[in-house]
Structure formats: C-alpha cells, structure tokens
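Here the structure is laid out as structure tokens; the discussion comes afterwards.
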Amino acid sequence: MDDLWGDWAMEVAEAELSGPLPRRWAHTQGVAERAIDVRQVLGVDADLLFAAATLHDVGYAPRIAATGFHPLDGARFLRDEHGADERLVRLVANHSLALLEAEERGLREEFAAEFPLLEEPLLVDALVYCDMTTTPDGGRTTAEERVAEILGRYGDDSVVGRFIRRAAPEIFASVERVEAALAAQPR
Ligand SMILES: [Fe+2]
C-alpha cells in the first residue's frame with residue numbers, strides 16, 4: 001500500500017460525505033488527522049490506518065445507508081463497489097466496537113461472520129483512538145467527553161445509547177493502550 005491509497009480514500013470519502021453530510025465530513029477529516037498523529041506507532045500499517053480513518057463513517061452517506069447500521073453499510077460499499085482491501089473493509093466494519101452495536105441490533109452472528117474482527121489489536125485500537133478522540137466537528141477531545149456527547153445526542157434508551165454504555169470501558173482501554181504506545185515512542 002502506498003500514498004495513493006490515502007488519496008483514493010480521501011476522494012471516496014469526500015465524494016460520498018462532503019455534499020450531503022458536511023458535519024460528518026468535518027469529523028472524518030479530524031479522524032484522518034489523528035491517524036497521521038499516531039502513524040509512528042503503526043509502522044508499515046500507517047497508511048492502512050489512514051485509509052480506514054478516512055472511510056470509517058462513509059456508511060452514513062444517504063446513497064450507501066442501506067440498513068441504517070453505518071459500519072455494515074460502509075464495509076459492504078467498500079467491498080462491493082470498490083473491491084477494497086479486506087483488512088480495510090474489516091477495520092471499517094468493526095470500527096469503534098461496532099460488534100457490540102451489531103449485538104444490540106440483533107445482528108451479531110451475521111455481522112461477525114461477514115466481517116470478522118481483524119486480529120491486529122494495535123490497528124483496531126488505533127482506529128478507536130482516532131474516532132473517539134475527535135468531536136463531531138473534527139476537533140480534538142477526550143474519549144470521556146466523546147462518550148458523554150454520544151450519550152447526550154442519542155439518549156440512554158436508544159440502540160446507540162445502550163451500545164455506547166457497554167462499549168465505553170473498552171473504548172477507554174483502547175485509547176489508553178494507544179496513548180501508552182505513543183508515550184513509549186522516541187521523540
Ligand atoms: Fe466516527
């Protein structure tokens with residue numbers, strides 16, 4: 001994978017999100033910036049993380065949102081319309097603990113069979129870190145504030161509210177692991 005991958009990811013995400021969902025596009029650009037911030041801990045997979053960060057929310061695009069469960073819709077779009085790299089597709093499908101949300105939606109078995117979680121914990125953690133330390137407008141935040149913001153936006157009793165409360169401890173643990181990896185890097 002080379003830099004062209006990043007350009008491709010940006011072109012696809014911009015084409016799908018910037019018109020219909022400008023705020024989601026602003027968030028996406030912020031998440032992509034976080035992926036650049038952490039690239040030193042990912043080595044050869046830094047470009048893959050950047051592409052996944054750029055495309056993680058593409059499934060919100062109205063044209064793509066077939067089921068309304070955006071990680072699934074985005075992953076299917078990348079697989080079926082773009083023949084995208086399997087690791088990228090599985091990262092997008094499983095971004096930010098999506099399997100737990102699939103469970104809330106009664107889709108766990110189907111989802112896990114179609115898009116198994118990548119067995120590369122640092123990449124999975126890094127995508128959680130990028131998404132969960134970025135506000136809906138693309139600014140920096142903490143994972144604690146981000147989880148509180150999501151709960152406030154969707155409400156305690158919604159599918160997303162129930163999901164994010166269950167996912168929160170794992171989100172915080174992922175962010176801590178990435179921060180530890182960053183702190184261990186020579187400056
Ligand atoms: Fe996101």
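The values are calculated or read from the model by the stated rules, or taken from the named source; none is laboratory data. In this text, all values refer to a predicted model and were calculated from it rather than measured experimentally. As a convention, Cβ positions derive from the backbone with ideal geometry for all residues, glycine included, and neighbour counts pool all protein chains shown.
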query: Does GLY138 meet the test of being at positive phi and at pLDDT 95 or above?
result: yes
query: Of the residues that sit in region 6-20 and are surrounded by fewer than 18 Cβ atoms within 10 Å (Cβ to Cβ) and touching a residue at least 12 places away in the same chain (Cβ under 8 Å), which one is farthest from the ligand (Cβ to nearest atom)?
result: TRP8
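If I filter region 43-58 for residues that are among the aromatic types (Phe, Trp, Tyr), surrounded by 15 or more Cβ atoms within 10 Å (Cβ to Cβ) and farther than 27 Å from VAL175 by Cα, do I get at least one hit?
no
Listed here are the residues, each with its yes/no results for (1) more than 15 Å from CYS130 (Cα to Cα); (2) within 13 Å of the chain's Cα centre (by Cα).
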site	(1), (2)
LEU17	yes, no
ALA46	no, no
GLY59	yes, yes
THR67	yes, no
ALA84	yes, no
ALA98	no, yes
query: Pick from GLU149, GLU170, GLU176: which is within 20 Å of GLY30 (Cβ to Cβ), charged (D, E, K, R), within 19 Å of the chain's Cα centre (by Cα) and surrounded by fewer than 15 Cβ atoms within 10 Å (Cβ to Cβ)?
result: GLU149
query: Can you tell me how many residues in region 60-118 are among the hydrophobic types (A, V, I, L, M, F, W, C), crowded, with 21+ Cβ neighbours inside 10 Å and under 23 Å from VAL175 (Cβ atoms)?
result: 9
- prompt: Can you tell which of LEU42, LEU49 is within 16 Å of the ligand (Cβ to nearest atom) and either not in a helix (DSSP H, G or I) or not acidic (Asp, Glu) (or both)?
  reply: LEU49
query: Assuming ALA66 fulfils every condition listed in (1) under 16 Å from VAL124 (Cβ atoms); (2) more than 16 Å from the ligand (Cβ to nearest atom); (3) of a type in the set (A, V, I, L, M) apart from one, which condition is it?
result: (1)
